[in-house]
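The values are calculated or read from the model by the stated rules, or taken from the named source; none is laboratory data. Every value quoted in this text rests on a predicted model; they were computed, and no experiment measured them. Quick reminder, even Gly has a Cβ in these numbers, built from the backbone with ideal geometry, and neighbours come from all protein chains shown. Note: areas computed on protein heavy atoms with side chains; ligands, DNA, RNA excluded. Shrake-Rupley method; radii C 1.70, N 1.55, O 1.52, S 1.80 Å.
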Amino acid sequence: MKSHFSKSCFLLIFIILGCTSNKAQTPHSNISDFNLLSEQFLEDIRIGKDTKVYQDQLANTTLESLEEGLQTDEQKLAFWVNIYNAYIQVFLSNNPELYDDRQAFFNDERIRIAGEKRSFSKIEHGIIRKSQWPLGLGKIRKWFPNKFERKLRVNKRDYRIHFALNCGAKDCPPVAIYEADRVNEQFDKRTAAYLKRTSEYDDKTKTVAVTSLFSWFRGDFDGKSGTKKILKEQGLIPTKDIELEFKNYDWTLDLDNWTEL
């Protein structure tokens with residue numbers, strides 16, 4: 001991972017200036033770069049520093065500021081994947097027992113952003129996956145997404161996010177710090193690494209065992225044919241004329257699982 005020293009210094013100076021400026025200034029005006037904030041949020045988690053300043057800034061910003069600061073899909077994807085992964089670490093490091101009821105953990109609104117609490121589910125399926133119904137297998141859109149979701153969601157779904165989002169479990173992809181100006185390169189690297197680790201091709205039976213993510217979000221991958229195309233492009237199968245098997249997902253809690261890109 002390239003050094004984040006310069007970015008860290010910039011954000012620290014910016015926070016100090018914001019804190020010492022006119023008290024009548026609104027909290028959200030202290031954020032000039034949401035992508036930089038999300039990167040430093042994760043970096044400070046990684047090195048064990050307190051992250052309350054970032055959480056407070058995210059809580060006190062506005063929808064309008066987020067919309068202005070996150071305009072491209074690259075900016076949105078890097079920011080929201082970082083924020084999702086950061087809060088997984090924040091909540092489960094402090095309260096690992098929350099993972100005993102995973103459905104409640106992901107669906108309960110516990111992440112305060114822009115004055116309201118958001119859920120992991122709404123961030124993932126609403127914003128990052130462009131208003132997909134969580135149980136729709138990637139084939140059913142939400143009918144009436146709220147204003148926050150409509151304003152901040154990506155313009156185009158990207159299946160590679162499934163190999164970047166860390167849900168806290170052993171079979172989840174490791175946490176990396178994503179940067180808007182190279183997020184496509186980073187997503188490509190993570191996709192290749194994750195699929196190489198989780199895919200097992202048997203030449204005798206012409207069968208490939210793959211992560212259950214391909215089944216749960218089949219619409220994002222364009223079904224079985226799309227899955228085979230991806231696997232072939234990654235050099236994991238010799239031909240698309242093979243059978244797919246889906247592995248069981250290991251939901252054992254596994255935090256502090258980081259990688260460098």
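Could you check, for region 189-205, whether at least one of its residues is modelled with pLDDT of 95 or more, hydrophobic (A, V, I, L, M, F, W, C), in contact with a Lys or Arg (Cβ under 8 Å, 6 or more places away or on another chain) and open to solvent by less than 80 Å² (accessible area, probe 1.4 Å)? Talk me through it step by step, then tell me what you get.
We begin by selecting, within region 189-205, every residue modelled with pLDDT of 95 or more; these are 189-205.
Those left that are additionally hydrophobic (A, V, I, L, M, F, W, C): 192-193, 195.
Restricting the remaining residues to those that are in contact with a Lys or Arg (Cβ under 8 Å, 6 or more places away or on another chain) gives none.
Scanning region 189-205, I find no residue that is modelled with pLDDT of 95 or more, hydrophobic (A, V, I, L, M, F, W, C), in contact with a Lys or Arg (Cβ under 8 Å, 6 or more places away or on another chain) and open to solvent by less than 80 Å² (accessible area, probe 1.4 Å), so the answer is no.
Looking at region 200-211, I want the residues that are in a loop (DSSP other than H, G, I, E, B) and have a partner that is open to solvent by 20 Å² or more (accessible area, probe 1.4 Å) and among the basic types (Lys, Arg) with Cβ atoms under 8 Å, at least 6 apart or on another chain. Which pairs are those?
Thr211/Lys247
From Asp181, Asp241, which residue is in contact (Cβ under 8 Å) with a residue 12 or more places away in the chain, out of contact with any His (no Cβ under 7 Å at 6 or more places or on another chain), open to solvent by 10 Å² or more (accessible area, probe 1.4 Å) and assigned to a helix (DSSP H, G or I)?
Values: Asp241 fails: assigned to a helix (DSSP H, G or I).
Going through Asp181, Asp241 in turn, the sole match is Asp181.
Just the residues that are open to solvent by 50 Å² or more (accessible area, probe 1.4 Å) and either touching a strand residue (DSSP E or B) at 6+ places or on another chain (Cβ under 7 Å) or not in a helix (DSSP H, G or I) (or both), please, taken from region 154-165.
First, pick out the residues of region 154-165 that are open to solvent by 50 Å² or more (accessible area, probe 1.4 Å): 155-157, 159.
Asn155, Lys156, Arg157 - these are the residues of region 154-165 that are open to solvent by 50 Å² or more (accessible area, probe 1.4 Å) and either touching a strand residue (DSSP E or B) at 6+ places or on another chain (Cβ under 7 Å) or not in a helix (DSSP H, G or I) (or both).
Taking region 39-52 as the search range and keeping residues that are touching a residue at least 60 places away in the same chain (Cβ under 8 Å) and under 26 Å from Glu67 (Cβ atoms), which one is surrounded by the fewest Cβ atoms within 10 Å (Cβ to Cβ)?
As a first pass, look at region 39-52 and keep what is touching a residue at least 60 places away in the same chain (Cβ under 8 Å): 39, 42-43, 46.
With under 26 Å from Glu67 (Cβ atoms) added as a condition, the list becomes 39, 42-43.
Working: Glu39: 23, Leu42: 24, Glu43: 19.
Among those residues, the one meeting the criterion is Glu43.
Could you list all residues from region 206-223 that are open to solvent by 60 Å² or more (accessible area, probe 1.4 Å) and either modelled with pLDDT under 95 or farther than 15 Å from Lys247 by Cα (or both)?
Within region 206-223, Lys206, Asp222 qualify.
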